[in-house]
Amino acid sequence: MLEGGKIDTWQAVFLNVIMVSATALLGAPAIMVAQAGQDGWLSALLATMLGLPIAWITVKLSSLYPGQTLIQYLDDILGRWPGKALGLLYLLYFTHITSIMVREYGSFLVDVFLIGTPITVVNAMGLIISAYIIKLGLEVLARSNQLFFPWVIGSLVLTFLLVIPEMDLARVQPVLEAGGLQIFKGSLAPLAWYGEIIAFAMVIPFLAKPGEAGKIVILTFIILGLIFFLLVVVGLAVFGPGLANMNYPILNVTRVISLSRVIERPEPLIMTVWVTGGLFKVTFFYYIIVLGSAQLLQLKSYRPLVLPVGAILAALSLNVSASTLQMFSFLAHYWPFYALFTFEFGFPVALLGIALIKNRGNKSK
Amino acid sequence: MAFFSRRRKKTGPADAKPNTRDSGQGSKKQIAQSLLLSPDLDENLRFLKQSFADCSDVVFREFLFAQREQIKLALVYVDGLTNKSQLSDQVMRALSLEIPAATDNTVITKANALHYVKMRGLCIHQVKETENLQEAVEAILSGDSILLVDGHATAVINGSRGWEARSIEESQTQGVVRGPRESFVETLRTNTSLVRRKIKNKDLKIESLTLGEVTRTDIAVAYIKGIVNEDLVTEVKQRLTRIKIDGILESGYIEELIRDNPLSMFPTVGHTDRPDRVAANLLEGRVAIFVDGTPMVLTVPHFFVEAIQTPEDYYEQALFTSFVRLLRIGSLLIALTLPSLYVAIISFHQEMLPTPLLLSIAAQREAVPFPVFVEALLMEIAFEIIREAGIRLPRQVGQAISIVAALIVGQAAVQAGLVAGATIIVVALTAMASFVVYYSGSLAFRLLRFPLMFLAASFGLFGLIAGLIVIVVHMTSLRSFGVPYLAPIGPLVPGDLKDSIVRAPWWAMIKRPHLVGQNNPVREASGMRPKPPQTTAQKGGDADAGRRQN
Amino acid sequence: MIKKTLCLLLILCLLLPLGGCWSRQELGDLAIVLAAGLDSAPDGKIMLTVQLARPSAFGGGDNGQRAAGPQQNNVWVVSQTGDTVYDAQRYLEAKVSRELYWGHTMLLVLGEQIAREGIRKAFNFFSRAPDTRETIWVLVSRGAASEVLNSHSQLENTSAQGVGAMVRSGVGVPVMMKDLSMMLASKGTNPVLPRIELTASGTPQGPGMKENIPQAQTEPSHGTHTHAELTITGTGVFNDDRLVGWLGMMESRGMLWLRDEIEKGEITIPSLTEPGKHLSIRIDRGTTEVEPYYDGQNIWFDVKMRMDGELWEQQSMEKITEPQIFAALEKSLALRIEEKSRAVLEKTQQVFGVDIFGFGDAWHRKYPNEWPALKDRWDEEFKTADVHITVEAKIRRTGLTTNRISQEE
């Protein structure tokens, strides 16, 4: 067994929420609003609905192959070599999106707060902390995430409360002006975020109660749906459709808060907490890459892989895109198609189909 | 008459004889261990005198039995470790002058002298016999006196320990306003008796063992059978018996030798000098380790939240206690992060301050030549120096130091423009906050403050949070005797939150902390919440009962 | 494991000193910009004027130097032209020994001329650079912004803080950077900005500083100076990004009513019985609802205003305890509000021809399908739109007395 730790139900929910929402806190509202205008919040709700099938497939696959991670049951479904090949592709995909996340957070910090600090240093620092957590195992990751999670959500709620004086719900109206197609287009990017739930398939075997995986994803989606919805509504209510042109719209939302005469602009504090969320998201994916690679290569321990994978992630994160603008346009326009129709939805559907056919074959024998 | 024996241990030299005692120094000890007493008093004395050669504090007193002059007796003890008046009254006087004549006119002979000495002569409560020389030597060393009777190969060990010891005083490290005042002292037996007096129950087990090849320090492991998890006791005993060391002078030796995560700064073994705290820990299912020679008793397993708990918390009102505990958490956070927060805000996130405050701080800092990080670091180090000096310096010069510290470092530095007033405030607040939790609990935070300041000076708030993440992750990975150190917060144990950062009233804490007391979870009856008496008018008797209950 | 962790920590520690100077800004290396002004300069350039705080003049705590010595100038006002704001700022750093720090900028004052030429090109820096705030108050000055900033406040440390406090308290129309951006982005409304200028305001007592009005400074130094204080004197009305005219203080109140931004204030009505005497009512609460209508041809609006007030001054002697008189007072109050609103509405419709009340946005919300056809000629439609104003005013309290105490029996 590569991983001896066990995580309980709520820890898994928190991990999943962080895994999907951390990066969405930064840019997602702008991407939705860019397509759907003031109906962006409808896109958020639509994406939550559309995301549920992906989650169901993830859970279903794991329940067909209990005790096995995604990388492991690929072998069973597709056979040895095709399974390994697809496993490798999945690992590459995880590596790619993880390096994008690292870059996203790195450039966020360097753009806004640490102007002048080399992004290399920021990324490296984050990855070193991630590596440290991974060395300590999944259990420590889940527990410390559980410790920080209330702060992340709390800061979000606090932001929403403090910004109420600046909000005007008239800016969210008129409803349904954008039309169904635009709303659907706006929901693709968040859907790709929701699709990251496929990574959950890598830790389902380590649940203390694997039977509750279904409950976990439902809870996750309820919390996530609420977060996405509120992010867009609050963003719109403060800035109107002009939100679409902001790089980090929720940052701008926090910037208008003023706890008069105590803390003039609390956004560094709030953002700091969110960066914590981002760090745990990166750590989770980093862990999955390391664990998956160890399983693919059938190693006895994943720990020797931690540093090499970290080095790869650091290097990739610097070269994954040339500028912030390019990165966000990739996330808005290409990523949904790249991720959704293959790794997050297409492949899992195909896998589930094959698995069900195979199972039926087995039963009939 | 006891038979003349020269039994050997299996491992001893094949033909060891009494007269080979003087031979080679190296083998002497080994031989002595294997030897039994001889019936010949002189030989025994000769042997003991050799053993205690150059030990000027060992006293050999030979005297004659009251009735029969030919029966020689000898008393051996360490001067200073025994109660001398007890010895002279109840041993020497009783035996040499007052021993009553046997009523049945039995003649006291050499043969039955031992019996008479023990049964009629000695007026001492604890009496034990031994035939082993080594045991006799150890008894002498631990303060008992031994009485040798000519013609018998048996030494009578008199429990006459009595030495100059500190009396039981008020706790120096964990004082309380409400609650018992007594604290442990340096004597093991006194300490165990203090706990036994609180827990009058046969299930309170106190097992002894001796550690330290040279110091032969007594250790006692205490637990309450039926509450404690037996595996924990086995684990503790196993870790203790693994210790091979020349000496143990304080429980800190043992703490470092048995703890998990030996390199962590956070204490995963608790210590206290308060009997009530030890008793409470035992009642929750923990194990206490008493060490002779120190008032500090170890308790395991130890949680992080214990750093913010004091015994008084359980005696004062629950609401007030909860407030104080939150205050302590706040203080811990201040002690850990305030200087780095200050550095981060002043040199990275100036926009967070209200404009008038920023202008005021800017005005103060106008004359200061150093970056704020250097300034804060210097002041923090200065403060640590003052604190260390305050502990070490002789009492008489304490006042002088505090004047110097307050005047020079505080007033003069600000006036000379070396530091800003705001920095002094930050450092002073940090210092005060670090004293709110008990001393050893805050050591890690005092130390970690400095790396956090470095991080804050390099990356602002993000460096600070990165440091905090590493600290929290490290703490989550810690375990104390198999129990997660951060419990009940991480992992979350909802039931145990009642007695963590807040405290529920006693009637609501029905169960013991889950992770240590799950062996026997229920500690009190449920439904004890005091209520006003029902229907006072109708049932006078019941009303009285209700009042009594309240 | 431990070794590796230690190695990592060691590397991290070695890395840190390197990081020491990347993005750290010592407080002593910053020139804190309290207010910025933009004027147009020849050749399409922009002149940036900044009001910098001089920390040494603020005095720290108890050393008392400030009280004893001659009063020092708290700020330094300095100007520089450049192609863009940031360009000007870089040039400015050749004059200013410290790095300009925009995190505490409270005011952005747009000069009259640049406002007339178009403000879009001027203020992007302030919403893009991460240092600055979305919550900067934006104002337009009568005359050059550089002159307006060259002032100080008698009560506050700096004139920027003084104006900031005034705007926040709801005198004039409060407009933040983010509000201005939104107003510019919307086709259904046009921006308004509060107008400030220097006005003669009392004479300073005791040894004071050279006062703000330029002609006063040329006078001999003895004798009393007239002090000029930054004053909010009305509202600048914009057509898209160009200033087209001014509204006075009275008209500004009417505009606030129509924009549903009335927060506090006072309304004075003539006495019913004694000509030339007045009553003043404090506004507790004022709300405005705009209901747009469209029949395919005509556009009209029903505007409903509600007000709760408290009578705080009465020059005349009428018995307000009489129900008829009280009702008449409330009616007169409603009429007064309607008059004020009507006046400013007519002025904007007829003189400026722009919708500054957000009526277009309200119309957009109600008729989203018809909006695309109309949005580009909305101001034309607004000019001819009928607006029906109904006001419901209530006097809820009368202060400490009912009728006047000096009332004759």
| message | Filter the stretch B:72-82 down to the residues that are open to solvent by less than 60 Å² (accessible area, probe 1.4 Å) and of a type outside the set (A, V, I, L, M, F, W, C) and list them by number. | response | B:Y77, B:G80, B:T82
| Which of the residues that make up the stretch C:138-178 are without any contact (Cβ under 8 Å) to a residue 40 or more places away in the chain and in a helix (DSSP H, G or I)? | C:A165, C:R168
| message | Restricting to the stretch B:457-489, name every residue that is out of contact with any Asp or Glu (no Cβ under 9 Å at 6 or more places or on another chain), in a helix (DSSP H, G or I) and either open to solvent by 30 Å² or more (accessible area, probe 1.4 Å) or more than 11 Å from chain C (Cβ to nearest Cβ) (or both). | response | B:L461, B:L464, B:I465, B:L468, B:I469, B:V470, B:I471, B:V472, B:V473, B:H474, B:M475
| task | Please determine, by comparing only the residues of the stretch B:361-382 that are closer than 23 Å to B:A433 by Cβ and open to solvent by 40 Å² or more (accessible area, probe 1.4 Å), which one is farthest from the other protein chains (Cβ to nearest Cβ). | result | B:I381
| task | Residues being under 24 Å from the mean Cα position of the chain (by Cα) and within 12 Å of another protein chain (Cβ to nearest Cβ): count how many of those fall in the stretch B:298-353. | result | 1
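It is to be established whether one or more residues within the stretch C:83-95 are more than 17 Å from C:L149 (Cβ to Cβ), within 14 Å of another protein chain (Cβ to nearest Cβ) and open to solvent by less than 10 Å² (accessible area, probe 1.4 Å). Can you show your working first?
Going residue by residue through the stretch C:83-95, those that are more than 17 Å from C:L149 (Cβ to Cβ) are C:83-84, C:86-87, C:90-91, C:93-94.
Subset that is within 14 Å of another protein chain (Cβ to nearest Cβ): C:86.
Now restrict to residues that are open to solvent by less than 10 Å² (accessible area, probe 1.4 Å): none.
Within the stretch C:83-95, none of the residues are more than 17 Å from C:L149 (Cβ to Cβ), within 14 Å of another protein chain (Cβ to nearest Cβ) and open to solvent by less than 10 Å² (accessible area, probe 1.4 Å).
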| query | Right, A:G310: open to solvent by less than 40 Å² (accessible area, probe 1.4 Å), within 14 Å of chain B (Cβ to nearest Cβ) and not in a loop (DSSP other than H, G, I, E, B) or not? | reply | no
| Consider A:L161 against the criteria (1) modelled with pLDDT of 90 or more; (2) open to solvent by 50 Å² or more (accessible area, probe 1.4 Å): it satisfies all of them except one. Which criterion is unmet? | (1)
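Scan the stretch A:102-113 for residues that are under 13 Å from the mean Cα position of the chain (by Cα) and either within 13 Å of chain C (Cβ to nearest Cβ) or modelled with pLDDT under 90 (or both) and jot them down.
So the first thing to find is which residues in the stretch A:102-113 are under 13 Å from the mean Cα position of the chain (by Cα), and the list is A:102, A:104-105.
Of everything in the stretch A:102-113, those that are under 13 Å from the mean Cα position of the chain (by Cα) and either within 13 Å of chain C (Cβ to nearest Cβ) or modelled with pLDDT under 90 (or both) turn out to be A:E104, A:Y105.
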| request: Take A:V33 and decide whether it is within 25 Å of A:A237 (Cα to Cα) and within 14 Å of chain C (Cβ to nearest Cβ). | output: yes
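What number of residues in the stretch A:313-328 are without any contact (Cβ under 8 Å) to a residue 12 or more places away in the chain and closer than 21 Å to A:L91 by Cα? Can you show your working first?
Residues of the stretch A:313-328 that are without any contact (Cβ under 8 Å) to a residue 12 or more places away in the chain, as a first pass: A:315, A:319, A:322-323, A:325-326.
Then keep just the ones that are closer than 21 Å to A:L91 by Cα; that gives A:315, A:319.
Residues flagged as without any contact (Cβ under 8 Å) to a residue 12 or more places away in the chain and closer than 21 Å to A:L91 by Cα within the stretch A:313-328 amount to 2.
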| note | Reported set for the stretch C:337-387 where residues are assigned to a loop (DSSP other than H, G, I, E, B), more than 14 Å from chain A (Cβ to nearest Cβ) and either open to solvent by 30 Å² or more (accessible area, probe 1.4 Å) or not β-branched (V, I, T) (or both) is C:G353, C:D355, C:A385
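Just for the stretch B:266-292: of the residues that are closer than 19 Å to B:Y439 by Cβ and either of a type in the set (K, R) or assigned to a loop (DSSP other than H, G, I, E, B) (or both), which one is nearest to the chain's Cα centre (by Cα)?
Within the stretch B:266-292, the first condition is being closer than 19 Å to B:Y439 by Cβ, and the residues that meet it are B:266-278, B:281, B:291.
Now narrow it down to the ones that are either of a type in the set (K, R) or assigned to a loop (DSSP other than H, G, I, E, B) (or both): B:266-269, B:273-274, B:277.
Details: B:F266: 18, B:P267: 14, B:T268: 14, B:V269: 11, B:D273: 6, B:R274: 9, B:R277: 11 Å.
Going through the qualifying residues, I end up with B:D273.
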| Name the pairs whose Cβ atoms lie under 6 Å apart, with the first residue in the stretch B:242-256 and in contact (Cβ under 8 Å) with a residue 12 or more places away in the chain and closer than 11 Å to B:L211 by Cβ, the second loosely packed, with under 15 Cβ neighbours inside 10 Å and hydrophobic (A, V, I, L, M, F, W, C), and 6 or more positions between them or separate chains? | B:D246/B:V214; B:G247/B:V214
| remark: Scanning the stretch B:494-513 for residues that are out of contact with any strand residue (DSSP E or B) (no Cβ under 9 Å at 6 or more places or on another chain) and either under 19 Å from B:L326 (Cα atoms) or among the basic types (K, R) (or both) gives B:P494, B:L497, B:D499, B:S500, B:I501, B:V502, B:R503, B:A504, B:P505, B:W506
| said: Against the definition (closer than 30 Å to C:E26 by Cβ, assigned by TED's automatic domain parsing to the domain that holds B:S347 and open to solvent by less than 30 Å² (accessible area, probe 1.4 Å)), how does B:F454 come out, yes or no? | reply: no
| field | Which numbered condition C:L400 fails, given (1) open to solvent by 80 Å² or more (accessible area, probe 1.4 Å); (2) touching a residue at least 60 places away in the same chain (Cβ under 8 Å); (3) not in a helix (DSSP H, G or I) | value | (2)
| request: Within the stretch B:134-145, track down each residue that is closer than 20 Å to B:E62 by Cβ and in contact with a Ser or Thr (Cβ under 8 Å, 6 or more places away or on another chain). | output: B:A136, B:V137, B:A139, B:D144, B:S145
| What are the pairs, 6+ residues apart or on separate chains, where a residue within the stretch A:145-163 that is within 14 Å of chain B (Cβ to nearest Cβ) and free of Cβ contacts under 8 Å to residues at least 60 places away in the same chain has its Cβ under 7 Å from a residue that is open to solvent by less than 30 Å² (accessible area, probe 1.4 Å) and not in a helix (DSSP H, G or I)? | A:L147/B:G490
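The values are calculated or read from the model by the stated rules, or taken from the named source; none is laboratory data. Remember, it's a predicted structure, so these values are computed and weren't measured experimentally. As a convention, Cβ positions derive from the backbone with ideal geometry for all residues, glycine included, and neighbour counts pool all protein chains shown. For the accessible areas, the whole protein counts, side chains as well, though only heavy atoms, and no ligand, DNA or RNA atoms are used. Shrake-Rupley method; radii C 1.70, N 1.55, O 1.52, S 1.80 Å.
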